[in-house]
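Take a look at the structure below.
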Amino acid sequence: MKTAQRNSTISLIVFGFLICSGGIAASTAYGKSLDFHIKNDTFARNIEHTKIDAINEGQTFIGNILAPYLSYRIKSGMTIEAGALLNIPFGEDDRVDTVDPIIALHYEFMPGMKITAGTLDRNHPLLDAIFNNDILQYSDPIEQGFQFQIQKKHWRTDTWIDWRERELPTRREKFNVGNYTQFRLMGFMAESQLYWNHLGGQSNSGGGADNNLAYSIGGGYSFAPKDMNESLNFFDTLGFSVHYVKVKDEPSGELPVSKEGGVLTRFFARVWDVDLHFLFWEGGGPQFLTDRGDPLYKADDYQEFGVQKTFWLADDVGLTAGFKGQYVEGNFVHENLVSVKWHVDFPILPDYVRNLSKTLPYRDRPAARN
């Protein structure tokens with residue numbers, strides 16, 4: 001039954017993909033651009049968390065995430081994307097574990113300010129204590145909803161709502177709301193982070209409402225040593241940040257509300273294109289219950305050092321190797337990563353589109369747009 005449902009989903013996405021490409025191709029007769037993209041990530045992440053079962057259990061993610069999609073530029077700053085994301089774990093009978101549609105409208109209405117409706121940019125710059133992207137990029141690699149982003153020299157914002165499950169008579173709705181805002185000036189930065197997870201609804205029999213709220217405030221400083229001395233051209237970045245992190249969990253029923261917080265200090269550097277970091281956490285505890293955060297922050301304190309480097313094998317092909325060593329409750333544990341990412345894109349029938357546009361009668365051509 002599961003396989004039949006998956007095949008039906010794949011067929012539906014492929015059909016929609018072909019219809020969308022046909023309709024968009026017709027529109028390119030008016031000089032609009034149409035491109036085909038393929039993004040792929042072949043990965044192996046091993047989480048070797050032994051002897052800390054009360055905090056977390058180890059697991060291994062190995063597989064392939066493939067995203068073929070079309071992008072259609074309607075006008076300057078406005079693009080439509082349509083395609084599919086395929087999560088393909090290695091070592092399972094079914095080669096495709098999940099298939100999710102990619103359907104999005106991106107509108108940059110002002111330089112550096114963009115609205116997205118549909119499939120979101122899920123690389124949210126939140127702390128792992130709040131949003132554990134190291135794992136979520138494999139277990140839940142796609143988000144759907146609405147997003148507002150600002151990317152300026154001194155100001156960065158990411159605000160979104162991800163609708164994970166709609167409400168049914170026997171199931172509660174589930175969605176997440178997040179915000180990241182950072183201000184930066186002369187190497188100093190101040191930022192706030194918020195992530196709210198809601199499980200509830202109004203007309204279902206699935207129970208009451210669960211709310212999990214995690215937020216953080218922090219600041220830091222970074223600079224580029226290579227800008228101070230030409231002999232340090234290998235030393236890209238050096239800096240630190242300090243964050244106070246708080247979690248409030250409100251379960252439904254008669255379970256008690258829990259609150260917990262802690263302080264996270266992080267030192268980071270980029271030397272010879274190698275990313276290094278040292279992390280110190282104090283606080284946490286069993287009541288540090290986040291819906292999608294890293295479970296290691298339930299430890300009263302832990303330390304971590306990490307190293308990661310990307311080797312560019314070609315312009316759009318990168319091999320990333322990483323290691324994290326973690327000292328948790330008197331035990332040394334670690335995480336390892338190997339990832340090969342590649343991205344190809346190319347226009348569809350550019351000469352045909354250009355020639356067809358020239359042959360249109362003047363009265364049939366669309367009005368000029370910016």
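Summary of values
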{"item": "The range 103-109 - phi-based ³J(HN,Hα) in whole Hz, Karplus 6.51/-1.76/1.60, Gly and Pro as x", "result": "9, 8, 10, 10, 10, 8, 7"}
{"item": "Overall form of the range 66-216 per C-alpha gyration tensor (a/c, 1.5; a/b vs b/c)", "result": "oblate"}
{"item": "Cleavage-rule hits (chymotrypsin sites (Phe, Trp or Tyr not before Pro)) in the range 201-265: DSSP loop, at most 15 neighbouring Cβ within 10 angstrom", "result": "Phe234"}
{"item": "Selection from Ser241, Ser222, Thr159 lying farthest towards where the dipole of the range 155-276 points positive, charges on Cβ", "result": "Thr159"}
{"item": "Distance between the range 74-118 and the range 187-235 - C-alpha centres, whole angstrom", "result": "23"}
{"item": "Burial ranking of peptide ranges 54-62, 79-87, 141-149 (average Cβ count within 10 Å, highest at the top)", "result": "79-87, 141-149, 54-62"}
{"item": "Signed unit charges on C-beta, dipole axis of the range 37-151, positive-most listed residue Gly63, Ile52, Tyr107", "result": "Tyr107"}
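Values quoted throughout were computed directly from the atomic coordinates according to the rules given, and no laboratory measurement underlies them. Quantities reported herein were computed from a predicted structural model and do not represent experimental measurements. When we count neighbours, we look across all protein chains shown, and the Cβ atoms used for this are built from the backbone with ideal geometry, even at glycine.
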